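Undergrad: Right, I'll just put the structure down here and ask away after.
The values are calculated or read from the model by the stated rules, or taken from the named source; none is laboratory data. It should be emphasised that the depicted structure is a prediction, and the values quoted were computed from it without experimental measurement. Glycine also receives a Cβ, built like all others from the backbone with ideal geometry; neighbour counts cover every protein chain displayed. These area figures cover heavy atoms from the full protein model, side chains too; ligands, DNA and RNA do not enter into them. Shrake-Rupley method; radii C 1.70, N 1.55, O 1.52, S 1.80 Å.
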Amino acid sequence: MDERLNQYNDKMEKTMDNLAGDFASIRAGRANPHILDRLKVDYYGTPTPIQQVANVNVPEARMIQIQPWEGSMLKEIEKAILTSDLGLNPTNDGKTIRLVFPELTEDRRKELVKDVKKKGEAAKVAIRNVRRDANDAFKKLSKSNDISEDEIKQLEDETQKLTDKYIAEVDKSVEAKSKEILTV
């Protein structure tokens, strides 16, 4: 691959990683500790991920158990979960916090699938923006006469192939996540 394309390939790859992270945080009826990845708690004045101040495990298919290493963190973790957009009510027994995931209703599943599709569209837009940036950069190269028109055309074709590849990957991930959510 042309080194001029590498930076744009990396940007598209980062978009895919971002999308995968977004999808991991969407709950599909089963308990998934990754939904806590974006939550931070105040640990001695520093916003810290929950996984760095507590043991997080999944004892049952629809429950996450959070056991802080310090008792003082219980209230902080509970507050972070309540103020988040997870829609879960933590139960606190003084030592551990349990998050019980209710069965998803049909309507909620459909809402989640819409959300997945929205995130997929946003990823496609980001990938297309990278393509546009690449093409703009190649046009600037042609104006400075450092490169022939044939080379510019080839770079643009390669960029389009990259874009098509990543758009297809986004479609595949959206379809897989939608199927996972709709599976009861």
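Undergrad: Looking at segment 149-184 only, could you name the residues that are of a type in the set (A, V, I, L, M) and either surrounded by 13 or more Cβ atoms within 10 Å (Cβ to Cβ) or under 18 Å from LYS119 (Cα atoms) (or both)?
TA: Scanning segment 149-184 gives ILE152, LEU155, LEU162, ILE167, ALA168, VAL170, VAL174, ALA176, ILE181, LEU182.
Undergrad: Are any of the residues in segment 60-75 assigned to a strand (DSSP E or B), surrounded by fewer than 16 Cβ atoms within 10 Å (Cβ to Cβ) and modelled with pLDDT under 85?
TA: yes
Undergrad: Hey, any hits in segment 104-115 for a residue that's basic (Lys, Arg), in a loop (DSSP other than H, G, I, E, B) and surrounded by fewer than 17 Cβ atoms within 10 Å (Cβ to Cβ)?
TA: So far as segment 104-115 goes, no, none of its residues is basic (Lys, Arg), in a loop (DSSP other than H, G, I, E, B) and surrounded by fewer than 17 Cβ atoms within 10 Å (Cβ to Cβ).
Undergrad: Identify, from the list ASP22, ASP2, ASP10, the residue that is closer than 30 Å to LEU162 by Cα and either open to solvent by 80 Å² or more (accessible area, probe 1.4 Å) or in contact with an Asp or Glu (Cβ under 6 Å, 6 or more places away or on another chain) (or both).
TA: ASP10
Undergrad: Any residue that is out of contact with any Gly (no Cβ under 6 Å at 6 or more places or on another chain), in contact (Cβ under 8 Å) with a residue 24 or more places away in the chain and assigned to a helix (DSSP H, G or I) - is there at least one of those in segment 87-101?
TA: Looking through segment 87-101, none of the residues is out of contact with any Gly (no Cβ under 6 Å at 6 or more places or on another chain), in contact (Cβ under 8 Å) with a residue 24 or more places away in the chain and assigned to a helix (DSSP H, G or I).
Undergrad: Kindly evaluate ASN145 against the criterion of being part of a helix (DSSP H, G or I), open to solvent by 30 Å² or more (accessible area, probe 1.4 Å), farther than 20 Å from PRO33 by Cα and out of contact with any His (no Cβ under 6 Å at 6 or more places or on another chain).
TA: So ASN145 does not fit the description; no.
Undergrad: Also, I was wondering about something else. For segment 159-184, enumerate the residues that are modelled with pLDDT of 90 or more and among the acidic types (Asp, Glu).
TA: Those that are modelled with pLDDT of 90 or more and among the acidic types (Asp, Glu): ASP164, GLU169, ASP171, GLU175.
Residue by residue, here is whether (1) more than 23 Å from ILE50 (Cβ to Cβ); (2) touching a Cys at 6+ places or on another chain (Cβ under 8 Å); (3) among the basic types (Lys, Arg); (4) at pLDDT below 90 holds:
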{"residue": "LEU86", "(1), (2), (3), (4)": "no, no, no, yes"}
{"residue": "LEU99", "(1), (2), (3), (4)": "no, no, no, yes"}
{"residue": "ASP107", "(1), (2), (3), (4)": "yes, no, no, yes"}
{"residue": "LYS110", "(1), (2), (3), (4)": "yes, no, yes, yes"}
{"residue": "LYS124", "(1), (2), (3), (4)": "yes, no, yes, no"}
{"residue": "ARG131", "(1), (2), (3), (4)": "yes, no, yes, no"}
